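Participant: Let me begin by handing over the structure; questions about it come next.
Quick note: the coordinates plus some simple rules give every number you see, no bench work behind them. These numbers come from a predicted model, not from an experiment. All Cβ positions, even for glycine, are placed from backbone atoms using ideal geometry, and neighbour counts span all protein chains on display.
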Amino acid sequence: MQVESGDRGLSLSERGSQSVADRLQGVISPILWTLGLELVEVVCIGQGSRSVVRVLIDKPGGVTVSDCERAHKALVPALDVADPFPHAYTLEVSSPGLDRPFKRLQDYQRAIGKEVSLKLRQPFEGQWRITGQLMQVDEQVVVLTASAGTPVPQMLRLERTMIAEARLVVKI
């Protein structure tokens with residue numbers, strides 16, 4: 001194991017939960033890849049025996065309960081070896097949900113052609129929230145067609161830095 005500066009002599013759990021999550025991503029991601037699954041996020045929460053390692057997974061077409069079960073069974077032995085905590089913890093594997101906030105460019109790309117809701121950092125033509133069909137996205141810009149009835153121009157081109165939160169619009 002490589003030791004990064006500032007980490008000398010500390011166990012994984014003593015380096016902070018973000019650090020543990022980052023290290024676990026390197027263990028978890030290749031295992032999920034072999035199962036045809038994508039790692040969305042690793043979150044470590046709680047303390048002591050109440051610690052939880054939450055692994056959020058995805059795949060094109062969505063995640064099934066069977067996918068979560070297969071991932072859980074494949075991850076347990078690897079995490080036993082990685083030994084992220086000096087005590088017992090709970091491993092949870094789940095889908096991040098349909099209405100999860102977009103965190104990466106890939107999340108935006110997956111939503112092209114679908115209706116999204118954008119919460120803005122500052123109002124755009126008086127609007128803090130804009131809903132529309134996502135047309136294009138890259139590292140800097142999001143292009144969408146605003147939904148009918150909104151008081152903003154039909155075709156919008158927004159810098160991604162203007163967006164505080166983006167989500168799919170889920171219709172029930």
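Participant: Could you give log10 I(q)/I(0) at q = 0.08, 0.09, 0.11 Å⁻¹ for the chain, computed by the Debye formula over C-alpha point scatterers of equal weight, without solvent?
Facilitator: Scattering profile of the chain, log10 relative to I(0): -0.34, -0.42, -0.60.
Participant: Considering only region 12-94, what is the antiparallel percent among its DSSP beta bridges, to the nearest 5?
Facilitator: Around 60 percent of the beta bridges assigned by DSSP in region 12-94 are antiparallel ones.
Participant: Most exposed first by the Cβ proxy, i.e. fewest other Cβ within 10 Å, how do Met135, Met155 rank?
Facilitator: Starting with the residue having the fewest Cβ neighbours, the order is Met155, Met135.
Participant: Then there is this: Please report how many Lys pairs in the chain have alpha carbons closer than 25 angstrom, counting only residues at least 8 apart along the chain or sitting on separate chains.
Facilitator: 9
Participant: Within a 10 angstrom radius of the beta carbon, how do Cys44, Cys68 rank from fewest other beta carbons to most?
Facilitator: With the sparsest Cβ surroundings first, the list reads Cys68, Cys44.
Participant: Something else about it: Classify region 105-168: rounded, prolate or oblate, from the alpha-carbon gyration tensor (a ≥ b ≥ c, eigenvalue square roots; a/c under 1.5 rounded; otherwise prolate if a/b is larger than b/c)? Walk me through the numbers before you get to the answer.
Facilitator: Details: a/c = 1.70, a/b = 1.26, b/c = 1.35.
Here region 105-168 falls in the oblate category.
Participant: Have a look at Gly46, Ser19, Thr131 and report the one farthest towards the positive end of the charge dipole of the chain, computed about the Cα centre with Cβ charges (Lys/Arg +1, Asp/Glu -1).
Facilitator: It is Thr131.
Participant: For region 27-44, what does the Karplus curve 6.51 cos²θ - 1.76 cosθ + 1.60, with θ = phi - 60°, yield as ³J(HN,Hα) per residue in whole Hz, taken in order and with x for Gly and Pro?
Facilitator: 7, 6, 4, x, 5, 5, 4, 5, 8, x, 10, 10, 7, 8, 6, 10, 10, 10
Participant: Can you compute the charge dipole magnitude of region 105-168 about its Cα centre, using +1 on each Lys and Arg Cβ and -1 on each Asp and Glu Cβ, nothing else charged? Give it in debye, rounded to the nearest 20.
Facilitator: 140 debye
Participant: In addition: With charges set only on the Cβ (+1 for Lys and Arg, -1 for Asp and Glu), what does the dipole of the chain come to about its Cα centre, in debye to the nearest 20?
Facilitator: 400 debye
Participant: Sticking with this one: From zero outward in steps of 5 Å, how is the percent of C-alpha pairs of region 41-125 spread across the bins?
Facilitator: 3, 11, 19, 18, 16, 13, 9, 6, 4, 1, 0
Participant: Now a separate question. Which distance in Å, rounded to a whole number, links the C-alpha centroids of region 34-89 and region 110-172?
Facilitator: Using only Cα atoms to place each centre, the spacing works out to 32 Å.
Participant: Let me have the relative contact order for the chain, percent, based on Cα pairs under 8 Å that are six or more residues apart.
Facilitator: Rounded, it is 16 percent for the chain.
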